[in-house]
Protein chains: 2
Amino acid sequence: MPRPPSPDTLNRLKEAVGAGAWLDAPADLAPFAVDFRQLYRGVTPLVLLPRDTAAVARILAVCDADEVALVPHGGNTSYCGGATPDESGTQVVLCLRRLNRVRQVDAGNFSMLVEAGCTLAQAQTAAAGAARLFPLSLGSEGTAQIGGNLSTNAGGTAVLRYGMMRDLVLGLEVVLADGRVMSTLKSLRKDNTGYDVKSLFIGAEGTLGIITAASLKLFPQPADAATALVGVDSPQHALDLLGRLRTAAGDQVTTFELIPQRAVELTVEHVPGVANPLAQRAPWYLLVELTSPNPHQGLDALMTAELEAAAADGLVIDAMLASSIAQSLAMWKLRESVPEAQRHHGASLKHDVSVPVSAVPRLIEAGSALVQRLAPEGEIVSYGHLGDGNLHFNVSQRAGADRDAFMARGAVLERAVFDLVDSLGGSISAEHGIGRLKAAEFAARADPVELSVMRDLKRTLDPKGILNPGKVLI
Amino acid sequence: MPRPPSPDTLNRLKEAVGAGAWLDAPADLAPFAVDFRQLYRGVTPLVLLPRDTAAVARILAVCDADEVALVPHGGNTSYCGGATPDESGTQVVLCLRRLNRVRQVDAGNFSMLVEAGCTLAQAQTAAAGAARLFPLSLGSEGTAQIGGNLSTNAGGTAVLRYGMMRDLVLGLEVVLADGRVMSTLKSLRKDNTGYDVKSLFIGAEGTLGIITAASLKLFPQPADAATALVGVDSPQHALDLLGRLRTAAGDQVTTFELIPQRAVELTVEHVPGVANPLAQRAPWYLLVELTSPNPHQGLDALMTAELEAAAADGLVIDAMLASSIAQSLAMWKLRESVPEAQRHHGASLKHDVSVPVSAVPRLIEAGSALVQRLAPEGEIVSYGHLGDGNLHFNVSQRAGADRDAFMARGAVLERAVFDLVDSLGGSISAEHGIGRLKAAEFAARADPVELSVMRDLKRTLDPKGILNPGKVLI
């Protein structure tokens with residue numbers, strides 16, 4: 001068990017980073033002690049802002065010797081409170097934002113070396129500067145940092161084509177709990193020398209070690225794209241269309257996002273500048289994008305032909321192909337404004353879940369029945385990454401419903417939705433991680449043997465329990 | 001440390017699998033005690049052939065209680081002696097070939113559940129039966145089993161497009177060293193609940209647990225393909241062509257294999273039915289394949305246009321596009337016969353290594369100088385998966401050279417090649433694993449911190465050291 005840091009420990013931590021690289025005035029500490037969703041308000045005595053890996057190693061050596069708990073902190077965009085110190089006032093914050101160098105971009109090897117404190121947008125820009133694509137893409141990319149993307153195995157809107165963050169990693173540099181530096185920053189496509197140690201740290205939310213740098217995969221930049229908004233009758237028709245598009249276009253299908261009619265209405269109502277371009281109303285909409293590095297791929301023609309054929313077969317109610325970048329951006333804005341529209345509309349209960357792709361229609365059908373029965377003050381706004389089987393199965397407070405009565409349904413509804421997800425072989429956290437928010441549900445629902453292995457791994461890599469205590473495993 | 005099994009232990013192991021599911025007659029045991037390359041001849045008192053996961057769990061429970069060592073065994077195609085018991089006569093063999101059910105193929109979810117004892121070819125066939133592709137492809141696929149493919153993180157000729165075995169896994173069922181069954185056979189594209197435990201067992205060569213089943217990713221079947229044999233001047237020109245093809249065709253570039261002139265000559269000389277279809281001689285040849293699930297993709301035209309443009313720019317000496325399936329198969333036969341031609345030609349020294357793709361020309365240039373200096377009785381036949389940075393940097397005995405003098409160069413040359421690979425940020429085992437063959441070199445060359453973490457993980461998951469002792473970590 002970690003201990004409260006003594007004044008001497010705090011002084012040695014300050015020495016470890018050096019002058020100008022720490023904060024301990026209450027006003028300076030406050031932003032580091034509350035999470036993005038304001039679910040948690042913690043207290044910390046000290047924020048450390050190291051500039052290089054060696055300083056991180058010195059910090060960990062002090063924490064290990066004195067058994068002081070450390071909370072790694074990046075862009076502070078966690079949805080699960082993963083980067084926020086607890087209320088005890090004993091946890092020191094390690095902010096990695098000054099480790100923000102792009103160490104190398106190797107266009108010929110389609111790889112780059114970046115430090116944990118680079119924002120995702122900064123990494124994307126560095127890749128583009130070498131005519132390459134770093135494909136991870138998500139709403140908070142201007143703020144979220146690579147270290148956080150790695151530590152939460154971030155997802156987003158291009159997973160169907162490029163995979164999650166774990167799939168984009170070639171090598172890692174990690175500072176272990178005792179301050180030793182594991183330098184496995186190789187940039188190889190194939191390396192079968194021993195165990196896959198690096199993958200343990202990806203998605204571990206800083207509970208097994210501190211990631212300080214990564215070697216990441218790059219791809220050719222897209223030079224042709226076709227974006228369409230498509231109206232369909234049902235999630236099953238959406239899945240059928242996905243199957244046809246994958247057969248016609250293979251991995252050129254980069255994005256396949258599901259948006260219900262109600263989300264489109266809320267977005268048009270609450271977010272300035274958003275309109276529904278389709279003439280025909282449909283119960284469900286899809287944002288579909290094909291991309292290719294070949295500028296002469298003819299993706300518009302391919303998309304048009306596939307959508308026309310699908311319409312002739314009764315799978316598509318209406319569709320519009322973006323004929324300009326402005327139209328494409330407008331379609332993306334419709335999709336990306338859904339969370340903001342939900343915020344404006346009232347309270348919401350959120351469930352970031354996944355099931356096998358083929359089970360999404362059953363999840364939506366059975367989940368909707370649960371909402372009607374268990375949260376009658378709410379209406380379903382379930383949208384997300386259909387191509388990955390990942391829905392944000394959210395419920396918005398109905399206009400005129402009592403907020404407190406609605407929110408009081410949260411715990412019972414969440415358990416019922418998670419039970420449903422479990423029964424379909426799904427996951428209670430598809431892309432947002434566990435953090436503090438879902439630690440109890442995870443502990444209750446995980447395979448007991450796998451959970452026991454995870455606890456053994458935690459004890460092995462962090463025997464004193466100083467790395468981000470209270471997150472992931474409790 | 002494991003102990004020799006007593007007669008009582010052997011009897012309880014037989015009871016654990018039941019009648020007809022074990023072998024202990026010397027003639028029956030012999031094939032399980034020698035590896036494919038005949039590098040090692042071991043001794044085992046008992047081979048167990050369980051039919052289901054529960055029997056594997058009972059076996060491990062006995063081995064755990066009695067501290068008896070167990071060697072998992074699949075299709076016995078390891079190049080590194082990974083599945084062969086040692087000479088002590090104390091290691092029991094666990095053969096998984098009867099766990100060979102395809103439990104489920106879910107075409108809608110692009111996934112399937114298969115048991116460890118399925119051959120790779122059987123898994124490919126099951127996927128094809130549902131109009132899906134399981135893309136792992138390698139020379140021994142008719143014999144190699146899924147459990148071995150997983151335990152060695154197998155590679156092959158389609159890694160450029162589809163990744164290695166690790167990249168194709170959605171979930172695993174694993175029997176732990178103490179007999180507990182970890183059932184994490186989910187078939188999800190996104191699941192961020194806790195640590196990536198399953199990845200630890202992939203590539204661990206059975207030293208951390210026994211994989212009994214896996215959920216694997218499927219893909220649309222290719223319906224269009226273009227195959228070409230291309231002559232180029234240098235590895236750098238080959239890399240330049242790869243960059244142009246990836247830009248033009250993206251992930252439709254499925255295969256990009258490098259073959260030196262000398263390997264083509266040896267193949268034509270030693271393997272019946274192999275011919276070089278190109279009119280112009282070239283120092284280097286490439287087997288290039290584009291594939292797409294869309295039958296109307298026009299890949300032949302795309303390949304022709306790209307090769308003509310590259311020829312006009314001086315990158316391509318000569319090229320031939322396969323105009324029939326027979327021609328395509330003949331090109332593949334040329335590539336796949338290289339190891340056989342090497343065997344017929346004489347002794348060889350083999351190095352399965354990788355470097356960053358952009359460093360392959362330097363590896364070939366500096367490696368060739370090493371061979372001239374350190375093994376003058378040999379000539380270089382280095383071929384392989386250029387798109388992955390993975391070369392089989394092999395050296396064949398020159399005609400007329402003394403075999404013993406040549407083979408005596410092996411140890412010094414291997415150390416020099418591995419030193420070169422290390423200096424280029426490469427790997428001394430790209431796709432064949434460590435097994436017993438490379439355990440000492442791996443221990444000497446690995447990052448000491450990472451190696452120490454691997455040893456800690458081994459102690460955590462196999463505290464009694466009963467799982468495949470002497471492999472990977474020594």
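List of remarks:
- Candidates are the residues of the stretch A:367-393 that are farther than 21 Å from A:Ala158 by Cα and among the polar types (S, T, N, Q); the one that is least open to solvent (accessible area, probe 1.4 Å) is A:Ser368.
- Search result, residues across the stretch B:365-381 that are within 17 Å of B:Met407 (Cβ to Cβ) and either hydrophobic (A, V, I, L, M, F, W, C) or under 28 Å from the mean Cα position of the chain (by Cα) (or both): B:Leu370, B:Val371, B:Leu374, B:Ala375, B:Gly378, B:Glu379, B:Ile380, B:Val381
- Of all residues making up the stretch B:245-261, the number that are away from chain A (no Cβ under 13 Å) and in contact with a helix residue (DSSP H, G or I) (Cβ under 8 Å, 6 or more places away or on another chain): 4
- Verdict on A:Pro220 being surrounded by fewer than 18 Cβ atoms within 10 Å (Cβ to Cβ), under 24 Å from B:Gly298 (Cβ atoms), within 14 Å of chain B (Cβ to nearest Cβ) and at pLDDT below 95: no
- All positions within the stretch A:1-27 that are touching a helix residue (DSSP H, G or I) at 6+ places or on another chain (Cβ under 8 Å), part of a helix (DSSP H, G or I) and aliphatic (A, V, I, L, M): A:Leu13, A:Ala16, A:Val17
- For the stretch B:145-166, a residue qualifies if it is open to solvent by 20 Å² or more (accessible area, probe 1.4 Å) and either free of Cβ contacts under 8 Å to residues at least 24 places away in the same chain or among the aliphatic types (A, V, I, L, M) (or both), and exactly one does: B:Leu160.
- Within the stretch A:248-303, the only residue that satisfies the criterion of being small (Gly, Ala, Ser), buried (at least 24 other Cβ atoms within 10 Å of the Cβ) and not in a helix (DSSP H, G or I) is A:Ser292.
- Selection from the stretch B:133-144 of residues that are within 14 Å of chain A (Cβ to nearest Cβ), modelled with pLDDT of 95 or more and surrounded by fewer than 23 Cβ atoms within 10 Å (Cβ to Cβ): B:Leu133
- Any chance B:Ser324 is within 30 Å of the chain's Cα centre (by Cα) and more than 28 Å from A:Arg189 (Cβ to Cβ): yes
- Qualifying residue in the stretch B:410-433 (condition: part of a loop (DSSP other than H, G, I, E, B), under 30 Å from B:Gly89 (Cα atoms) and more than 14 Å from chain A (Cβ to nearest Cβ)): no
- Residue match in the stretch A:341-351 (condition: open to solvent by 10 Å² or more (accessible area, probe 1.4 Å), outside any loop (DSSP other than H, G, I, E, B) and within 25 Å of A:Gly426 (Cα to Cα)): yes
- Any hit, the stretch A:422-432, residues being over 28 Å from A:Leu208 (Cα atoms) and open to solvent by 20 Å² or more (accessible area, probe 1.4 Å): yes
- Considering residues of the stretch B:444-465 that are of a type in the set (A, V, I, L, M) and free of Cβ contacts under 8 Å to residues at least 24 places away in the same chain only, the residue farthest from the other protein chains (Cβ to nearest Cβ): B:Ala444
- Residue count for the stretch B:167-189, restricted to those that are in contact (Cβ under 8 Å) with a residue 60 or more places away in the chain and within 8 Å of chain A (Cβ to nearest Cβ): 4
- Entry remark, the stretch B:30-48: residues being of a type outside the set (A, V, I, L, M) and more than 23 Å from the chain's Cα centre (by Cα) number 2 in total.
- Residues being open to solvent by 60 Å² or more (accessible area, probe 1.4 Å) and either closer than 15 Å to B:Trp284 by Cβ or of a type in the set (Asp, Glu) (or both) - total across the stretch B:304-331: 3
- Selection of the stretch A:452-463 for residues being part of a helix (DSSP H, G or I) and open to solvent by less than 10 Å² (accessible area, probe 1.4 Å) yields A:Val453, A:Met454, A:Leu457.
- Single residue of the stretch B:223-232 satisfying the filter (open to solvent by 20 Å² or more (accessible area, probe 1.4 Å) and part of a strand (DSSP E or B)) that is nearest to the other protein chains (Cβ to nearest Cβ): B:Asp224
Matching residues to (1) within 12 Å of chain B (Cβ to nearest Cβ); (2) without any contact (Cβ under 8 Å) to a residue 40 or more places away in the chain; (3) surrounded by fewer than 24 Cβ atoms within 10 Å (Cβ to Cβ); (4) under 24 Å from A:Ser328 (Cα atoms):
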site	(1), (2), (3), (4)
A:Ser199	yes, yes, yes, no
A:Gly203	yes, no, no, no
A:Thr212	no, no, no, no
A:Ser215	yes, no, no, no
A:Ser234	no, no, yes, yes
A:Gly243	yes, yes, yes, yes
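- Of the numbered criteria (1) under 17 Å from A:Thr247 (Cβ atoms); (2) in contact with a helix residue (DSSP H, G or I) (Cβ under 7 Å, 6 or more places away or on another chain), the one A:Asp313 fails is (2).
- Taking the stretch A:241-264 as the range and being among the acidic types (Asp, Glu) and modelled with pLDDT under 95 as the test, only A:Asp251 passes.
- Highlighted here are the strands (runs of 3 or more DSSP E) found entirely within the stretch B:28-109 that include at least 1 residues which are open to solvent by 10 Å² or more (accessible area, probe 1.4 Å) and closer than 30 Å to A:Arg362 by Cβ: B:102-106.
- Residue count for the stretch A:309-333 under the criterion of being part of a helix (DSSP H, G or I) and in contact (Cβ under 8 Å) with a residue 12 or more places away in the chain: the result is 8.
The values are calculated or read from the model by the stated rules, or taken from the named source; none is laboratory data. No experiment lies behind these values; they were computed from the predicted model shown. FYI the Cβ positions are ideal-geometry reconstructions off the backbone, even for glycines, and counts take in every protein chain you see. Note: areas computed on protein heavy atoms with side chains; ligands, DNA, RNA excluded. Shrake-Rupley method; radii C 1.70, N 1.55, O 1.52, S 1.80 Å.
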